[in-house]
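Each remark here refers to the structure printed beneath this line.
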Amino acid sequence: MNSSVFVYKSLYINLAIDPNFMEYLVYVSTAKKLMSDDELLDLLQTARIKNAKYNVTGMLLYSEGTFIQALEGEKEDLYTIYKAIELDFRHRNIILMITRKC
Ligand SMILES: Cc1cc2nc3c(=O)[nH]c(=O)nc-3n(C[C@H](O)[C@H](O)[C@H](O)COP(=O)(O)O)c2cc1C
């Protein structure tokens with residue numbers, strides 16, 4: 001079966017951040033087209049740099065055209081990242097499943 005799953009960072013709370021301000025979310029989405037490994041790596045590189053800048057951590061899973069992503073961080077930073085993700089042309093049908101304070 002041609003499936004690939006990759007994890008770019010596991011969920012760890014960054015203790016430098018006051019946990020009172022931490023929130024997390026989980027969404028699922030559908031890739032506009034099946035993603036190649038190079039396309040996934042490209043996405044991953046951008047995500048790593050920007051997430052680090054905003055102190056957001058998380059996990060992205062991809063398999064056969066479906067994404068599942070968990071992200072956590074301070075509310076403002078988390079939603080800055082998430083709003084950019086929502087606008088991304090590479091996926092659609094983005095369904096926010098869970099959003100909560102840590
Ligand atoms: C499934 C999926 C997951 C993504 N995850 C992240 C992420 O965790 N962090 C991130 O900065 N960008 C992520 N991106 C890329 C963003 O959509 C966006 O391209 C990136 O944040 C750059 O946005 P900007 O050009 O407005 O700064 C993801 C894109 C897709 C399609």
Assuming R0 = 35 Å, what is the FRET efficiency of residue 21 and residue 63, from their Cβ-Cβ distance, to the nearest 0.05? 0.60
Which cross-chain or sequence-distant (5 or more) residues have an amide H under 5 Å from the amide H of residue 91, H modelled 1.01 Å from N in plane? 32
Charge dipole magnitude, Cβ of K and R +1, D and E -1 - segment 22-101, Cα centre, debye nearest 20: 200
In debye, nearest 20: dipole of segment 16-67 around its Cα centre with unit charges on the Cβ of K, R (+) and D, E (-)? 140
Total charge of the residues flanking residue 83 in space, meaning their Cβ is under 13 Å from its Cβ, with Lys and Arg +1 and Asp and Glu -1, is -2
Going from the fewest other Cβ atoms within 10 Å to the most, one would list 42, 37, 77 as 37, 42, 77
What ranking of 68, 49 emerges when the number of other C-beta atoms within 10 Å of each C-beta is taken as an exposure proxy, fewest first? 49, 68
Beyond 16 Å, what share of the Cα-Cα pairs of segment 22-101 is found? Please give it as a whole percent. 48
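None of the figures in this text is laboratory data; all of them are computed from the coordinates on show. As the structure is a computational prediction, the values presented were derived from the model and not from experiment. Virtual Cβ from ideal backbone geometry, glycine too; neighbours counted across all protein chains shown.
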